[in-house]
Amino acid sequence: MNGIFAAVFLISAALFLFLNPDGFLAALLAGGEKAALLSLSLLAAYCVWLGFFKVMEKSGLAGKLADGVYPLAKRLFRSRDKDAVYLASCNLSANFLGLPGAPTPLGVKAVQKFYENGNRYAADMLFVLNATSLQLLPTTVIALRTAAGSSSAADIFLPTLIATLFSTLIGVTLTILTGRRK
């Protein structure tokens with residue numbers, strides 16, 4: 001994949017140098033500047049939301065949210081390992097709230113516990129749920145739209161909710177139909 005991207009970049013650069021040699025360096029620098037600005041905007045958004053998740057953890061709100069998801073998660077993952085299902089529930093809750101980066105360590109720990117118990121089905125289901133990622137608050141997309149200068153960055157809320165709801169339902173259904181069971 002890296003080779004493909006390198007080839008596309010080199011071919012594009014060669015064409016740009018041939019067609020517009022004066023604009024090449026200016027475009028390259030402007031693109032780098034935009035990339036750096038976008039990275040800083042996303043970093044700020046991630047810091048805010050990770051801090052928010054830490055506050056939720058310390059206040060016990062994250063645990064209560066995970067407890068609310070736990071009964072459904074227990075049936076969905078078909079697991080009796082309370083710790084693994086609880087970690088998976090925390091992961092799903094953080095994903096649902098659109099907290100970028102926060103759910104990853106929880107998901108990794110949950111998958112490790114599922115594998116320790118020989119429950120590949122549960123690990124597969126968690127992977128599908130993370131890939132489809134049902135989101136109530138698409139914070140990363142809103143941050144990207146804000147950084148790009150959108151006047152109504154949160155307008156993506158309803159379309160994202162509908163799209164992630166359908167993708168999650170399809171992913172879960174296919175995993176149930178084709179997944180391995182314990």
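Testing Gln112 on (1) over 15 Å from the mean Cα position of the chain (by Cα); (2) under 21 Å from Thr168 (Cβ atoms), one condition comes back false. Which one is that?
In the conditions (1) over 15 Å from the mean Cα position of the chain (by Cα); (2) under 21 Å from Thr168 (Cβ atoms), Gln112 misses (2) alone.
Would the range 100-111 turn up any residue that is modelled with pLDDT of 90 or more and either touching a strand residue (DSSP E or B) at 6+ places or on another chain (Cβ under 7 Å) or loosely packed, with under 15 Cβ neighbours inside 10 Å (or both)?
For the range 100-111, residues modelled with pLDDT of 90 or more and either touching a strand residue (DSSP E or B) at 6+ places or on another chain (Cβ under 7 Å) or loosely packed, with under 15 Cβ neighbours inside 10 Å (or both): present.
Are there any pairs with C-beta distances below 7 angstrom linking a residue in the range 67-88 that is on the phi > 0 side of the Ramachandran plot to a residue that is of a type in the set (Ser, Thr, Tyr), with the two at least 6 apart or on different chains, and if so which?
Arg78/Tyr121
With part of a helix (DSSP H, G or I) and in contact with a helix residue (DSSP H, G or I) (Cβ under 9 Å, 6 or more places away or on another chain) as the only criterion, which of Leu28, Leu15 stands out?
Leu28
Matching residues to (1) of a type outside the set (Ser, Thr, Tyr); (2) within 15 Å of Val85 (Cα to Cα); (3) not in a helix (DSSP H, G or I):
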| residue | (1), (2), (3) |
| --- | --- |
| Leu106 | yes, yes, no |
| Phe114 | yes, yes, no |
| Ala123 | yes, yes, no |
| Phe127 | yes, yes, no |
| Leu136 | yes, no, yes |
| Thr140 | no, no, no |
| Ala143 | yes, no, no |
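From the list Gly63, Gly31, Gly51, Gly68, which one is surrounded by fewer than 19 Cβ atoms within 10 Å (Cβ to Cβ), in contact with a Cys (Cβ under 9 Å, 6 or more places away or on another chain) and not charged (D, E, K, R)?
The match here is Gly63.
Which pairs do you get when a residue that is more than 20 Å from Leu144 (Cα to Cα), found in the range 16-39, comes within reach of a residue that is outside any helix (DSSP H, G or I), reach meaning Cβ atoms under 9 angstrom, with the pair 6+ apart or on two chains?
From the range 16-39, the pairs are Ala27/Asn20.
Restricting the search to the range 145-157, which residues are within 15 Å of Leu42 (Cα to Cα) and either aliphatic (A, V, I, L, M) or in a helix (DSSP H, G or I) (or both)?
Matches in the range 145-157: Arg145, Thr146, Ala147, Ala148, Ala153.
Residues of the range 124-153 being in contact with a Lys or Arg (Cβ under 9 Å, 6 or more places away or on another chain) and surrounded by 14 or more Cβ atoms within 10 Å (Cβ to Cβ), which ones?
Those that are in contact with a Lys or Arg (Cβ under 9 Å, 6 or more places away or on another chain) and surrounded by 14 or more Cβ atoms within 10 Å (Cβ to Cβ): Asp124, Met125, Ala153.
The values are calculated or read from the model by the stated rules, or taken from the named source; none is laboratory data. Keep in mind that what you see is a predicted model, and the values were worked out from it rather than measured. With ideal geometry, Cβ positions are generated from the backbone for all residues, glycine too; neighbour counts draw on all protein chains shown.
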